[in-house]
1. List the chymotrypsin sites (Phe, Trp or Tyr not before Pro) in the stretch 288-346 that DSSP assigns to loop (not H, G, I, E or B) and whose Cβ has at most 15 other Cβ atoms within 10 Å. Which are they?
2. Using 7 Å Cα-to-Cβ label points, what is the Cys23/Lys207 separation (nm, one decimal)?
3. Roughly how many debye, to the nearest 20, is the charge dipole of the chain about its Cα centre, given +1 on each Lys and Arg Cβ, -1 on each Asp and Glu Cβ, and no other charges?
4. For a quick check: sort Cys17, Cys340, Cys23, Cys68 by the number of other beta carbons within 10 angstrom, fewest at the front.
5. Return the ratio Rg/(2.2 N^0.38 Å) for the chain, where Rg is computed over Cα atoms only.
6. Could you tell me the center-to-center distance, by alpha carbons, between the stretch 271-346 and the stretch 185-256 in angstrom?
7. Using alpha carbons only, how many degrees (0 to 90, rounded to 10) separate the axis of helix 327-336 from the longest principal axis of the chain?
8. Extension gain Asp326-Gln218, at 0.36 nm per residue separation less the Cα-Cα distance, in nm?
Amino acid sequence: MKAIMKIKKEREGFELCDVPMPCAGDRDILIKVRSAAICGSDLKFCKWTAWCDNVVKFLPFIPGHELCGEVVEVGKKVKGIKVGDRIAAETHISCGVCWQCRHARPHTCERMELFGHTINGGFCEYTLIPERAARKISNDIPFDYGCLLEPMGIPFRAVEVGEVAKDAVVVVGCGPIGQFAVAFSKISGAEVVIAVDINDKRLNLAKKMGANYLINPQREAVAQKVKNLTTEYGRGAGLVIDASGSAGAMKDAFSYLRPGGKFVILGQTDAPLPLNPSLDIVFKEAQVTGLFGRKIWDTWEKTEKLLLAGKIDPAPVITHRFSLDDFEKAFKVALSGEGCKILFIP
Ligand SMILES: [Zn+2]
Ligand SMILES: [Zn+2]
């Protein structure tokens with residue numbers, strides 16, 4: 001079968017390989033991949049950043065963790081999933097026995113495996129999903145949308161913990177995660193949603209997803225504009241969601257977060273974040289939260305319901321579709337920031 005693989009970390013990019021079909025173990029599900037989306041972490045594998053050395057356990061490996069497909073074989077001990085079912089993959093594969101797992105936090109498992117990072121993923125024709133990470137979804141959810149349930153889950157949680165109703169929300173960074181954060185804020189009753197990005201195409205997309213105001217930090221001072229736009233809502237943002245991973249943007253956000261506001265960080269960076277703890281956090285009673293992963297399976301149930309009810313429309317976020325053969329073009333587009341969510345249709 002065809003598989004996009006990272007062969008050597010020294011070699012930039014990926015290669016399209018012909019590899020044997022994987023065999024399902026007792027607790028595995030073999031799926032035919034029908035749709036798989038490129039995530040920011042896949043771009044890190046492409047260039048191979050220092051982060052990859054800490055995450056990836058073996059090379060060559062198959063990346064791709066946001067996917068949806070159809071079951072073609074189930075392991076002997078798998079229960080509740082049968083051939084023909086529609087499956088999406090949860091990236092965080094928990095051990096089931098550590099303290100985190102035993103305390104209803106499998107998404108922060110201490111011995112977590114990551115689909116498409118520490119084990120082979122789904123940029124290929126067929127892939128194995130451990131039973132523990134397989135989410136059976138309704139056949140009414142198209143494959144292209146099913147593969148987006150995984151990246152939708154984190155912005156959904158950000159809006160959920162942010163309790164945005166009748167408040168002002170600022171979403172910083174309008175990649176796919178930011179776009180969904182805008183949409184979920186809007187449908188959760190936010191009074192005003194402000195989208196921030198240096199890419200005008202992505203800002204225009206955010207408008208389609210429900211943003212009321214757009215700010216490009218290359219042209220306007222974000223803090224001042226947010227304060228001007230939110231005076232009647234409480235002088236600053238009640239919820240800031242960072243999906244940019246920029247330490248500078250995060251630092252700036254503390255200046256327009258209103259007293260009692262919540263700051264949810266989804267973007268990832270190793271850069272230091274210089275803060276004044278008194279001014280930025282204590283005096284304004286800022287609530288700062290990091291989110292990593294979906295609540296299993298609570299978040300999935302909620303986002304599936306929104307998709308099925310037609311309350312969230314991911315269509316505008318999907319800007320490109322490619323076959324596995326065109327993987328070079330796909331990653332070129334992804335790295336350029338030209339598009340938003342880019343899918344492989346194997
Ligand atoms: Zn992802
Ligand atoms: Zn665990």
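1. Of the chymotrypsin sites (Phe, Trp or Tyr not before Pro), the ones in loops of the stretch 288-346 whose Cβ has at most 15 other Cβ atoms within 10 Å are Phe292, Trp297.
2. Each label point lies 7 Å from its Cα, and together they span 5.7 nm.
3. For the chain, the charge dipole is close to 380 debye.
4. By the 10 Å Cβ count, ascending: Cys23, Cys17, Cys340, Cys68.
5. 0.99
6. 16 Å
7. For helix 327-336, the angle is close to 10 degrees.
8. Full extension of this stretch gives 35.5 nm more.
Computed from the coordinates by the stated procedures, all read-outs in this text should not be read as laboratory data. Just so we're clear, the structure is a prediction, and the values are computed from it rather than from any experiment. Quick reminder, even Gly has a Cβ in these numbers, built from the backbone with ideal geometry, and neighbours come from all protein chains shown.
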